[in-house]
Each structure stands twice: as C-alpha cells, then as structure tokens.
Amino acid sequence: MDPTVFNFRGSLHGLFTLVLFLFCFHQLTRNWSSMSRTRVGFLSDPETSTIKTPPDCSGLNKHEGFVSQCEFLMAYPQCNSEGFFNYLSFFYCSCQDHASVGYIVLIVWLAALFYLLGNTAADYFCCSLEKLSNLLRLPPTLAGVTLLPLGNGAPDVFASIAAFAGTDNGDVGLSSILGGAIFVTCVVVGTISICVADQSVSIDKKCFIRDVCVLMFAVVSLAVILLIGSVSIAGAVAFVSIYVVYATLVAANECFNQRIRGVLKVETCVPLLAVSQTDDPENLENRDLESENLSSAESDDVPHLIESKVPHWMWVSNNAIYSEVVGHGSGDSTNNPWGWEDDKSIQENKDSSFSCSKLFSWLELPLTLPRRLTIPIIEEERWSKGYAVASVTFAPLLLGFLWNTQQNESQSQLTIVVIYLAAAVLGCVLGVVAFICTKPDHPPQKWLLPWVLGGFVMSIVWFYMIANELVALLVSFGLILEINASILGLTVLAWGNSMGDLMSNVALAIHGGEGVQIAISGCYAGPMFNTLAGLGICMLIGSWSNRPETYTMSGDIGLFCSIGFLILALLWSLVMLPRNGMQPNRLMGIGLMVIYVMFLGTRLGMSIGSGSLDNAT
C-alpha cells in the first residue's frame, strides 16, 4: 500500500478513535452524574421523578418553558438518542456554548460509522461469505445471485433493518433504500456511461433487459404495498420471494446452458459475477489445477476449504475501498484496480513508513480490536490462535450484552445477571475447546462450518450495532437541524452507503472489457437485492411482530415521488441503451444525471412546501 494512502488511513483512524473516546467519556460522566443526582435526592420527589412524555420532540430547539435545550432533554429523556451514545445530550449539554465543535464531532463520527459499516463488510462479513460459498461448493452463478449481493448490500440492508427496528424510524429505512437505488441507477450508471463513452463497449442486451425489468417490477410491487398502506406476513414473504424466483431462474438458466455446452464456462450474462475467462493455455492450466484440487478435496474426509474461484475484490466490490486487508488481489498486481501489491512492494512500503506504522497501528486498535475479539476469522493469512480463542470466548458475552440492552427496563436484575453468567460459561467452554483443538501455525482443518457460521453471525451482530448507531445519529441530526429524518435517509444515508458503489464500479468500468459489464450489472442487481431482500425482511419483521394485525406502511407522498423518479430512470436507460446499440454514451449519462437533480429538487421542494423539512410529521 502506498505510504501516503497508509498515512491518510491511519490519520482517519486516529481521528475516529479520538471521537470514540470522547463519546465514551461523555457517556460515563453522564451516567455517573445521573447516579449522583439520584443518590442525593434530586429525583426523590415523586413529582420531579415522573417522566413526562413530550408532545413533540421537534420543539427541542424552541424549548418553550425551559431555559435551554439541555434542560428540555433532562425533563424529557424520551427525546434522547436510542443508540449507545446520547448525541443530543452531547451536543446541547456538553457543547452548549460551542456548537461548531459539536457539529464537527458529530460529522466526523458519522463518517466513522459509514467507514465501520463498509470495513466490517469488506474485512469480516464478505470473508465469511466467501468461505461459506467454498465450503458449500456453490457454483459461481449461484453464489453470484445469493451470497455476493448479500455481501455487497449488507450496509444498506442492515441500515434499513435498524431503522425499521427503531421507533417511528421506518421512513428512514424506506427513504435510504429508495434513495440509494436512485443514486446508483442515476449517478453511478450515468458516471459510468460518461467515462466509457469512447470505449465502444457493448452491454449484454438480454441480461440488461432482464435485470432492469425485474427491478422495475420490484419497485412497482413496493408502490402497490405503499398504496394499500399495510402488509401482512404473506405479503412480505411474497415480496421477498420475487428475488428468490429471480435468483432461481438465473441459476437454473446457467446450469441448463452449462449442461447443453457440456463444458463449465462462466458466461458474460451472469449478473454480479461476470468474471472473464479466456481459453489461453495459462487459464486452461489453472482450470485443470482447480479441478484437481476440487477432486482431492472431495476424496478427503477432512473438509478442506479450496481456493475461491472468485477474486477477493469481486466479493467486496462496493466495499473494497474500505478494506484494510492486503494480498487478496486477483493475482495480477498490474491489473488490480484497488492498488494491492505483491509482498516485496508491501515490505518496501513498510520499511519506508516504519516510523508511522507503529503509531497508526495503535490508533487503529480501538476500532479493530473489538471486532477482532468477537468475530472468528479462519483465513490463512489472517489466522491467529489467540484472536480465535478470544473471539469464541467473548462472542457470547457480546450477544448477552445486546440481549440485555434490547429488553425492557422492567427486566429484573436477577435475569440480567443470569444471562451474563450463562454467556460467560458458554464463552469459557468454547474458548477452552478452541484452545485445545486449534494450532498456532494454521487455521483449523476440521469442523469448519461452525467457525464460518460463527463469523457470519457475529458480522451480522456488528452490522446491526453499527447500523443502529448510524440511524440514531441521523435521527439526532434531524432534531438538531430541524430536518425530517426521512430526508436525511434519502440523502446522507443513501449517499454514504452508495459511495462504495460509485468508486468501485466506476474504477472497474474504466478498465474496460468485462469490467463495464460487471459494473452495469451490479448497478441494477444491487438495488434489486436491497429493495427486495432489505425492505422485504424489514416488512416481514414488522408484520411478524404486529401479528395477527397487518403492519402499517408509510403513505408519505414523497415515497411515491421517489418511486416515480426511479421508474423514470430505469425507463430512460431501457430506451437509450438499446437505441445506441447497447453501448453506454454521454447522452444516456447526462440524462440520468439530470433525472437525479430533478429528483432532489422535487423532494426538497415538496418537503419545504409541506413543512416536513422542519420535522413535522
């Protein structure tokens, strides 16, 4: 890695760590102050200890009847953030006389949460998906329509789930998914079209029309659900099943084509996973070696993980910019779009920046160590017996902590202690087993599925924690800036989660050839998965928790406006690309950019005109 990039990343880690310590210190002092007030009798009066429900938390900035916003928050604790840190208390109480400092700290922490989401996907979640695919020996096509979009869309999906799981924050999740879909299909596809206009690269027509039409059908189905105003468990399952049918048909079509040809080849019509392969002698030799490794793995009783057929950067395409792991390139450092280098160049860079690397590695610990100590990793180049034992030991404790924090305050103290004791006992047992059954020089060769599933589950746990904190921070920003949180979800949350798509897909397309096909396919298959799986799971969770009644969906006219502009963008691409011989051009790209600008102007104009920009419901 280039020393300049390394120093920049280290500086960001240091800044994020400083903000993290600041919030931890504020939370500790706030809790201590609260306990002190309770002990000395500040809340002993029944009239003052009764928590009053505020009529509208948007009146925080006016704080009528109170001297300051801080006193308003102390009187109405329901208005405080629902995350691990109390952002409103930090901004209005700790930074009461220094609002600019509060804005800077909150913005830096917002960037840190986006980074943590992407980094968790790139360095932990996608690695588990890749190992799971190899362990189950999934064909590349099946992996491309199941595990791969889950890895690429994990930040968007879990951010929307966290929004729906929160109180009255479902609009944030809906706006985030729709805003991200419009951003990707307009800005990302438009940028790719402008950048590759002179390359005369053709896109596969059959696959393009199929993916765009399925995405359009999914969006229209969502519009029908919003128009009805409610969804049942059966309706949510039917919505999710649209993607299941799509993935099944794609996988079945690929298997049928392979059987007809009689030769295992990767077709360019594979969405998300169109890795090019030529029939030169070198690739044929590599293919023979892969088949030999597969046959030897099948004949062995020990379920060894064979080497993935899919390059690591393909598995984390829209999260690769967040990855800190080097050495996972496709094998050709000269053609690697993400700058990963061979061992020799890495060593030279380490030597040239040795003075800073130690400092930055220490600054990264508060961000990486908690995840490293709770997420099992069995990659060869990242294997550490100490971390492996620690991860299986502390993972149950983290789950117990989350379980206790998500329960109602009516939960007895005895139940909390029992849960922590059970988690500690389970963690100790798993830690002892891992210590006995693993070796320090290489990852385990047996019982791989529990390790891989453990990494998969704990990555999801961390996704939920980070995404829940991100939504809580956006809701706090909405109250501070007097902006409806759904508008922030439509813009800030959608932009942050889609920034990886923009940078990675554009970089992939600039390389030309199959990269353009992969990038364009991902721009439609990704939002399709996020819409069907992300929103479908959210609706399923909501309808299940509200059974036997149906789950009420938001009928905001702004959501229908977003759906309308998304359909307009899809129709524009569906008309312009075939008209130009399936070659992206500048007219198509500029048109998509104009549609996105019109969309933003319309939504902001509607919000200002209806008064919803100031948090009115």
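Potential lengthening of the chain between residue 253 and residue 66 amounts to 60.7 nm, from the contour at 0.36 nm per residue minus the alpha-carbon distance. Rounded to the nearest Hz, the phi-derived 3J(HN,Hα) couplings of region 447-455 under the Karplus curve 6.51 cos²θ - 1.76 cosθ + 1.60 (θ = phi - 60°) are 6, 6, 4, x, 5, 5, 5, x, x, where x marks glycine and proline. Which residues in region 178-195 place their backbone N less than 17 Å from a point set 7 Å from the Cα of residue 602 along the Cα-to-Cβ direction? Backbone N within reach: 178-187.
Once the piece of chain linking residue 457 and residue 437 is laid out straight, how much longer is it, given 0.36 nm per residue of separation minus the C-alpha distance between them?
5.1 nm
Around the amide H of residue 230, modelled in the peptide plane, lie the amide H atoms of 553, all under 5 Å away and 5 or more residues distant in sequence or on another chain. Of the listed residues 254, 514, the order by accessible area with a 1.4 Å probe, largest first, is 514, 254.
Computed on region 60-134, with alpha-carbon pairs under 8 angstrom and 6+ residues apart, the relative contact order is 16 percent. Solvent-accessible surface (1.4 Å probe) assigned to residue 593 amounts to roughly 60 Å². Projecting label points 7 angstrom from Cα along Cα→Cβ for residue 557 and residue 586 puts them 3.9 nm apart. Applying the Karplus relation 6.51 cos²θ - 1.76 cosθ + 1.60 with θ = phi - 60° to region 247-257 yields 3J(HN,Hα) values of 5, 5, 5, 5, 5, 5, 4, 5, 5, 5, 5 Hz, where x marks Gly and Pro. Once the Cβ-Cβ distance of residue 237 and residue 15 is raised to the sixth power relative to R0 = 35 Å, the FRET efficiency obtained is 0.20.
Rolling a 1.4 Å probe over the protein chains gives residue 57 an accessible area of about 40 Å². Converting phi to 3J(HN,Hα) with the Karplus coefficients 6.51, -1.76 and 1.60 and the offset θ = phi - 60°, region 60-70 yields 4, 5, 7, 6, 5, x, 10, 5, 8, 5, 4 Hz in sequence order, with x at every glycine or proline. Of the listed residues 64, 71, 381, the order by accessible area with a 1.4 Å probe, largest first, is 64, 381, 71.
The values are calculated or read from the model by the stated rules, or taken from the named source; none is laboratory data. Remember, it's a predicted structure, so these values are computed and weren't measured experimentally. Neighbour counts run over all protein chains shown; Cβ positions are idealised from the backbone, glycine included. Note: areas computed on protein heavy atoms with side chains; ligands, DNA, RNA excluded. Shrake-Rupley method; radii C 1.70, N 1.55, O 1.52, S 1.80 Å.
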